[in-house]
Structures are given as C-alpha cells and as structure tokens.
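Visitor: I am attaching a structure below and will ask some questions about it afterwards.
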Amino acid sequence: MSDHNHHHHCQTRTFWSRREFLFQSGGGIAGIALADLLNRQGLLEAAQSDTCEAPIPGNPFAPRSSHFEPRARAVISLFMAGGVSHVDSFDYKPALTEYAGQPLAESVVVRQGHPGPLMPSPFEFRRHGESGMYVSEIFPHLAKKVDEIAFIKSLYGRSNDHVQATYEMQTGQIRMGFPSVGSWATYGLGSESSSLPAYVVMADPRGTPKGGPPIWSAGFMPAMYQGTVFRAVGDPIVDLQPPEGMTEAQQRGRLNALAKLNEMDIAQNPGNSELAALISSYELAYRMQGCAPEAVDTSAESDATKKLYGLGDPVTEPFGRQCLMARRLVERGVRFIQLFSGGQGADWDAHSDLDQNHRARAAEMDLPVSGLLTDLKSRGLLDSTLVAWHGEFGRMPISQRGVGRDHNPGAMTGWMAGAGIQGGQQIGASDEFGYKAVEQRISAHDLHATMLHLLGMDHKKLTYRYNGRDMRLTDVHGTLIPQIVA
Amino acid sequence: MATQALTLMNNESVLRQAEVFAERLDAAAPDDLDRQVDLAYRIALTRTPRPAEAEVARGLVTDESLVALTHILFNLNEFRYMR
C-alpha cells in the first residue's frame, strides 16, 4: 500500500484545471454562484490552460499597471549582511594610508568600543574599465563589470546597530513592523507569475541575517505581500509537498470538497470578493507544488552557465546557486528577489579581522554576482531587471583593536546595475577618510524612491491606508537619484 | 496566502491535529456518520452544517476518511478567518 502510494506521489503532478475547479467540482447552485462572481469580476478570461503560466481566477497577485512606463519589471536585491566596508570595497581612500596611525580629527562615536587610529585598507585598489572606477583587489570579477555599474558613494543610515540599520534599508524605518521594499513592489505591481510567490527571499544557508523575518515582512499590509523564503536545499518552500502516504487522488479529493464548501460559503456571503481571493490562494498553492521545484532546479543548466556562477567550487557554489535561481525566477515572472550574503555567524561584520573576513565574504559572492550580470545581459534580461547591491551600513576609517573596523552608518557604498542605468559612474562622495557622506547625501528613502521609479511607480502615489494615514514606503521623504533615473 | 494554504494542506502537525480531531469525533459518536458530521461543525465552527454542506462532508468521509473531513475543516475560509 505505502509503496504504491509513494510511487503515485512521485509521479509528475497534473494540474487542476480551471474548468474542473469552477464547474465540475462546484456543481449545483453554489458552483454557479462562484462562476458568476468570478465572471462579473472579469476573471474567467484566458484561464483554460494547464501550465505554470496560465492566469489564476481571482489571483490577488495578477499584474497591475504601473504609474508610468517602467524601466525594470523585476528587482534582484543583493544584501551584504553585517555591513560591508565601503573603504575596503569600492570607495578608495588614499588619505587612510597618508594619515595612517593618526587619530580621526573629531570626536568619534563607535558601536563596540576599542577605537584606534586611522587604518589603511589591507587591500590594494586599482582603476578598472573605460570609466576607471577604483575597485579593491578582493572583487577581481566585479572589477570587470564597472562600466555597467553605477556606484552610489554617499549612502548613509540612522542607526549603527545591525537590526535597526537593516530595517531602515529594507523598510525606510529603523523600527520593526513596516512593509519591506519588496512588499511595496508586489503590492504596487502584483506578479507576472501565477505559479510562484511574487516576492522571494533567499537567506544565506549559514543563517538568517540579524533582525530575522521582519526584514522581509509586509508590516501593516496583508501577510500575502511578505517575502516567501526559499530554502537552499530540498524543496524550496516549507510544506511544499503532501506528506508521505497521501496520494494525489486523496489530495485532489480533499481540495475538491474544500472548494465546494468554500463556494457554499461565498453563496452565503454574496459580494465578498476577498473570499474568491482566498480560494485562489489554494489554486496558487496547488500550482506551486508542481511548478516551484522546476523553477529552482538548476541541474538542466549548461555547464558553461554553471561555471559562470561558480557552481562546482565549494566557495562560490552556495551564493552562485542562489544567483542562478534568481535569474530563473526573473525569467518566470517573479517581481522581487532578495539574496543575503552573510547570516548569523558568518557575515560582513568585520570587528576583529577585516582582512580575513572581507577576503572570505568577497570570494563567496564576487564571481557569482559578476556571472549573474553576464548571464542576465546575454539573455537580454539586464535591461529590464534592476540589480541592487548594498549592506546595512559602512565601516569606520579607524581601526578597532588594530585589526578590525566598527560600524559606520555615516557613509556606505551601494551600487545599481541593469534597468538601463548608465554604468561606469559614481554618484555622491564621502569625506576624504570615508567617515561621513558629504556630497549628494543619499538616504534609504532616496534609494527606495529611485527603485520604485525604475519599476514605473511614483513613491508619493503608492500608498496603503493604515492607522488613519495613507502610508508610503518613503514616509514624507524621498528624492529620486537624478543620475540613476536619467 | 498560498504559503499558509500549503502549510494547512501539507504540514505534518496540522494533519496530526486532524487525526486527533477525528479520533475525538469517533469516540463521541462511534459508527454514526450523521452525528460525527454534526459534531465536527459544532466543534470547529460553532454551528450546525447546512444540509448541502452535510452532504459534501458525508461524501468526503465515505470516499476517503473522517480525517479527510477534519483536515478540510481546518482549511475552510470560515475556520481560518473571523467574520
């Protein structure tokens, strides 16, 4: 019996067709009521195909039109958790060498203590590309991409604690409980996919970043807009497959009965369109069982593609696989994909050994991210995909215990590529030591306003009514970065 | 949302609760399907089933099992959301 069931369970699942869902399973007056409800909402059109691409009636993630013509239809956000050092990556500061060993000439607030004198980067910087951008030696592959990257060298934050700083970069607020930028993007635009979550998060397999799930929460919006975590090994989504022993026929029988009973519920509550959305969530869930494993299965990719992302090398494979999964999700219409380099225990938080820490983290993500940019471009996806890279804060120009650097929200470097953005440019600047952002200071609100703009949305018009206010991702702030939106 | 639907459909502990619920119904009304369905609705939804609902519920138990019914009750819109 169990052998038979297991065999059945492993067969390729067929999909529950719209016809069956709406008419066969419904039956009687209640089925007609649901069909009528969905029909009046114009949800039945073109819903007859049994593929991962067919639209789902009543899908709350159905694509919505943007405010104006978008530059990007998808975002890949690469978050360097723990706080990647700007002065050891892309913000070259020769003054740190010139004044090495001298105190920073103003009173300094540090997070952990043990402040030392100005400390040069242990890494060599060289100019790269036609644009001559400076890049540290620990990013040899990204160094070849500088002409496609716009570096933002004047980012700053409001907290020197990981959790609050991460919330700010994600939600615009240092407090917990606000919707993340991915939630706002999917709330505004829906998703092009009707078989995958609209907003996918992939944490570092070693652990989630400090701050945990509120980092990708929907805050005060409905929970469906929160990021869905895809796991690095096994089924990408928790509880994706029925337990051992439950046959497809049993599951289908239960779902058909559930649909009938829910339709009767709708008949008792006419005019409640949210109930149709709830029924469609079961349709999407059933679809995910069949479609999500294929979406993240990288085994059919060519050897050349696998090499591009560093698969096969234990150092680059974990982040490389996630970058490759991100490209596959973009191809399948997922709106917002967020990857974290670094989790609890192994992140960019280089308090005690900057040289060893940043070399190790950079070696893990440099080749995969460079490969992602190459692959997106060669497939014609880079122009319609925004790739954004940053951490939660920069690091201090002075040493900590002589070997590390403490947190520095006063200045950090981030970058953007794709979405038609002019590469090979640097925007804003920090002071000569990299202590504070000084020229064209750019906040998380400014970054978010710019990201929404690239997606075709006006950050002042994208609102969600909560607590008596039309809430915005950018609160009452946000200035577009002119060099990015030009 | 779809991930909640997946958990309520597939999670082992949800299914275990459905089994416990079914055992409770079976102990309270052994071999009496009508009363089991009636009790199931009273306990899960604090109301009696409408005739059409009772028919679907009895059909599911006959086609599969009492656990199938208790599992589906945990997935009903009416069970999941306050009115």
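Visitor: Which ones in region B:1-30 are within 13 Å of chain A (Cβ to nearest Cβ) and assigned to a loop (DSSP other than H, G, I, E, B)?
Guide: B:Met1, B:Asn11
Visitor: What about A:Gly234, is it surrounded by fewer than 16 Cβ atoms within 10 Å (Cβ to Cβ) and either more than 9 Å from chain B (Cβ to nearest Cβ) or not β-branched (Val, Ile, Thr) (or both)?
Guide: yes
Visitor: Across region B:50-66, what is the total count of residues that are crowded, with 21+ Cβ neighbours inside 10 Å and farther than 13 Å from A:Leu258 by Cα?
Guide: Counting residues in region B:50-66 that are crowded, with 21+ Cβ neighbours inside 10 Å and farther than 13 Å from A:Leu258 by Cα gives 1.
Visitor: Checking A:Asp313 against (1) among the acidic types (Asp, Glu); (2) touching a residue at least 60 places away in the same chain (Cβ under 8 Å); (3) within 30 Å of A:Ala388 (Cβ to Cβ): exactly one of these is not met. Which one?
Guide: Failing condition for A:Asp313: (2).
Visitor: Within region B:40-50, does at least one residue satisfy the condition of being part of a helix (DSSP H, G or I), β-branched (Val, Ile, Thr) and more than 8 Å from chain A (Cβ to nearest Cβ)?
Guide: Within region B:40-50 (the criterion being part of a helix (DSSP H, G or I), β-branched (Val, Ile, Thr) and more than 8 Å from chain A (Cβ to nearest Cβ)), the answer is yes, since at least one residue qualifies.
Visitor: Test of understanding: among A:Ala95, A:Ala81, which residue is in contact with a Gly (Cβ under 6 Å, 6 or more places away or on another chain), within 23 Å of A:Val403 (Cβ to Cβ) and either assigned by TED's automatic domain parsing to the domain that holds A:Leu473 or buried (at least 20 other Cβ atoms within 10 Å of the Cβ) (or both)?
Guide: The unique qualifying residue is A:Ala81.
Visitor: Looking at region A:244-263, is at least one residue in contact with a Ser or Thr (Cβ under 8 Å, 6 or more places away or on another chain), hydroxyl-bearing (Ser, Thr, Tyr), touching a residue at least 12 places away in the same chain (Cβ under 8 Å) and within 14 Å of another protein chain (Cβ to nearest Cβ)?
Guide: No, that holds for no residue.
Visitor: Report whether or not A:Ala285 is within 11 Å of chain B (Cβ to nearest Cβ), in contact (Cβ under 8 Å) with a residue 12 or more places away in the chain and not basic (Lys, Arg).
Guide: No.
Visitor: Scan region A:289-326 for residues that are more than 24 Å from A:Ile138 (Cα to Cα) and among the charged types (D, E, K, R) and jot them down.
Guide: Of everything in region A:289-326, those that are more than 24 Å from A:Ile138 (Cα to Cα) and among the charged types (D, E, K, R) turn out to be A:Glu294, A:Asp297, A:Glu301, A:Asp303.
Visitor: Since A:Glu294 meets every condition but one in (1) touching a Cys at 6+ places or on another chain (Cβ under 8 Å); (2) within 12 Å of another protein chain (Cβ to nearest Cβ); (3) more than 19 Å from B:Asn11 (Cα to Cα), which condition does it not meet?
Guide: (2)
Visitor: Does region A:462-476 contain at least one residue that is small (Gly, Ala, Ser) and either surrounded by 20 or more Cβ atoms within 10 Å (Cβ to Cβ) or in contact with a Phe, Trp or Tyr (Cβ under 7 Å, 6 or more places away or on another chain) (or both)?
Guide: no
Visitor: Answer yes or no: is there a residue in region A:158-171 that is closer than 22 Å to A:Ser66 by Cβ and touching a residue at least 12 places away in the same chain (Cβ under 8 Å).
Guide: The answer is yes, given that some residue of region A:158-171 is closer than 22 Å to A:Ser66 by Cβ and touching a residue at least 12 places away in the same chain (Cβ under 8 Å).
The values are calculated or read from the model by the stated rules, or taken from the named source; none is laboratory data. None of the values given here were measured: they were computed from a predicted structure. Positions of Cβ are backbone-derived with ideal geometry, glycine not excepted, and every protein chain shown enters the neighbour counts.
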